[in-house]
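The values are calculated or read from the model by the stated rules, or taken from the named source; none is laboratory data. It should be emphasised that the depicted structure is a prediction, and the values quoted were computed from it without experimental measurement. A quick note on method: Cβ atoms are made from the backbone with ideal geometry, for glycine too, and the neighbour counts reach across all protein chains shown.
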Amino acid sequence: MSSLWPVGALIGIVVGVLLLSRARAWQRLFHWLPIPLWCYALPLVAVTLGWLPHDAPLYRTLTNRLLPLALGLLLLGVNLPAVIQTSRRALVAAAVGAAAIMAAAPIGVVVLQRWLPPQAWTGAGALAGTWTGGTMNLLALRSVLEIPDSIFAPIIVVDAVVAYSWMALLVAASGFQQPINRWLGATAAATARAPGIVTDAPRPSRRGSVVLSAVVALSLSLVAQRISAHLPTSKLVTSSTGWAVLLVTTAALGLSLIPRVRRVGERGSILGYPCLYLVLAATGAQADLHALWSAPAWLVLGAGIAILHGASLLLVGRLCRIPLGVLATASQANIGGVVSAPLVGAVYDQSLAPVGLLLAMAFNALGTYLGWLSATFCRWLLHV
């Protein structure tokens with residue numbers, strides 16, 4: 001247990017230094033490369049260079065313990081009606097993103113079939129399933145499609161490397177919201193008033209209390225984690241962390257309907273974002289750049305799918321004037337999942353966290369079917 005302290009201390013120091021440095025001299029640097037990206041990238045580089053262990057159990061512990069707390073702190077001050085108004089455009093974006101993945105995976109296998117094994121169509125289905133739903137769908141499709149180990153092993157690598165890299169890109173893009181939203185036709189002013197997305201940014205309030213919001217959020221997190229340890233997993237909720245995230249989100253949103261609680265929760269972001277950044281740092285430490293060299297053809301396929309997915313979202317975003325925050329949340333709901341979609345949404349705006357959870361849960365239920373359809377389409381293309 002004592003060997004974990006240096007790892008935890010180093011991650012905490014990295015996040016603490018970044019939070020303190022953003023005040024003055026480094027503002028310009030953080031404008032172009034925002035703090036969330038640094039929180040993710042620095043541990044990733046440290047793990048790759050061997051300065052941090054790659055498989056330390058502390059990373060998973062930080063993610064499991066701090067993520068529910070961070071979500072509680074960030075969601076207690078959310079205006080739920082605004083979230084409901086946001087979900088329509090987000091659902092359109094997520095649907096387009098999922099359709100792009102389902103089409104790009106088979107097309108990519110056909111283009112790269114010279115460098116891929118004969119049963120690569122099963123790998124296309126696996127990638128489509130996990131990137132429209134989640135890991136649960138990947139495991140289900142392994143049995144449905146009878147994916148051989150020679151294909152399933154590199155798919156695991158591609159899923160981790162591309163998904164982590166895509167998450168890092170989405171987090172980095174949060175520093176360019178204004179110019180990208182202008183190109184999309186959804187400027188900051190329009191974003192705040194458009195019927196498709198309404199934000200409720202926390203404002204300083206004398207009645208708001210950081211201590212009270214922390215106590216409420218911590219209580220919700222502890223109770224949710226205690227309950228989730230005894231709940232059964234299913235096709236919709238595949239882990240106790242997923243249950244904890246779902247329970248905290250539901251409870252925090254329910255309490256936010258009470259105006260007095262919501263006013264208290266408005267100050268929760270003061271502690272919520274540091275917790276969020278610690279989770280990002282622990283997430284970055286679980287990735288490894290060395291994995292890029294283990295499956296080059298599959299990695300090219302995965303990168304191509306992600307690029308076409310992103311291009312499709314930007315296209316629909318421009319046509320429908322959907323803000324970047326909504327597009328990023330929908331994208332992470334596809335390629336990421338139940339745990340990371342609220343995380344990316346909160347980086348852009350705390351009101352997008354429950355939207356990300358809702359989208360991830362919805363597509364998690366459909367991912368196995370979507371992956372099977374994509375694999376069937378790929379097999380047909382190869383025969384043609």
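Conditions (1) among the aliphatic types (A, V, I, L, M); (2) more than 16 Å from residue 376 (Cβ to Cβ); (3) surrounded by fewer than 24 Cβ atoms within 10 Å (Cβ to Cβ), marked per residue:
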{"residue": "53", "(1), (2), (3)": "no, yes, yes"}
{"residue": "73", "(1), (2), (3)": "yes, yes, no"}
{"residue": "111", "(1), (2), (3)": "yes, yes, yes"}
{"residue": "146", "(1), (2), (3)": "no, no, yes"}
Legend entry - Conditions (1) within 21 Å of the chain's Cα centre (by Cα); (2) aliphatic (A, V, I, L, M); (3) more than 20 Å from residue 296 (Cα to Cα); number of the one not met by residue 141: (1)
Inset, instruction - Evaluate the following for residue 241: is it modelled with pLDDT under 85, buried (at least 19 other Cβ atoms within 10 Å of the Cβ), closer than 17 Å to residue 61 by Cα and among the hydroxyl-bearing types (Ser, Thr, Tyr)? - result: yes
Inset, instruction - Could you tell me which residue of the stretch 115-138 is farthest from residue 361 (Cα to Cα), considering only residues that are more than 22 Å from the chain's Cα centre (by Cα) and either surrounded by 21 or more Cβ atoms within 10 Å (Cβ to Cβ) or among the basic types (Lys, Arg) (or both)? - result: 116
Inset, instruction - Tell me which of these residue 341 doesn't satisfy, since it passes every other one: (1) surrounded by 23 or more Cβ atoms within 10 Å (Cβ to Cβ); (2) over 12 Å from the mean Cα position of the chain (by Cα). - result: (2)
Legend entry - Condition met for residue 307 (without any contact (Cβ under 8 Å) to a residue 12 or more places away in the chain, of a type outside the set (Ser, Thr, Tyr), part of a helix (DSSP H, G or I) and in contact with a helix residue (DSSP H, G or I) (Cβ under 9 Å, 6 or more places away or on another chain)): yes
Inset, instruction - Read through the list (1) free of Cβ contacts under 8 Å to residues at least 24 places away in the same chain; (2) buried (at least 24 other Cβ atoms within 10 Å of the Cβ); (3) among the charged types (D, E, K, R), then give the number of the only condition that residue 89 fails. - result: (1)
Inset, instruction - State whether one or more residues within the stretch 184-197 are closer than 22 Å to residue 353 by Cα, at pLDDT 80 or above, out of contact with any Phe, Trp or Tyr (no Cβ under 7 Å at 6 or more places or on another chain) and in a helix (DSSP H, G or I). - result: yes
Inset, instruction - Provide a single number: the residues in the stretch 206-234 that are at pLDDT below 80 and exposed (fewer than 14 other Cβ atoms within 10 Å of the Cβ). - result: 4
Inset, instruction - Kindly indicate whether residue 141 is under 18 Å from residue 377 (Cα atoms), crowded, with 18+ Cβ neighbours inside 10 Å and modelled with pLDDT of 90 or more. - result: no
Legend entry - Condition met for residue 330 (surrounded by 24 or more Cβ atoms within 10 Å (Cβ to Cβ), touching a residue at least 40 places away in the same chain (Cβ under 8 Å) and not β-branched (Val, Ile, Thr)): yes
Inset, instruction - Return yes when residue 250 is within 21 Å of residue 360 (Cβ to Cβ), loosely packed, with under 14 Cβ neighbours inside 10 Å and modelled with pLDDT under 85 and no when it is not. - result: no
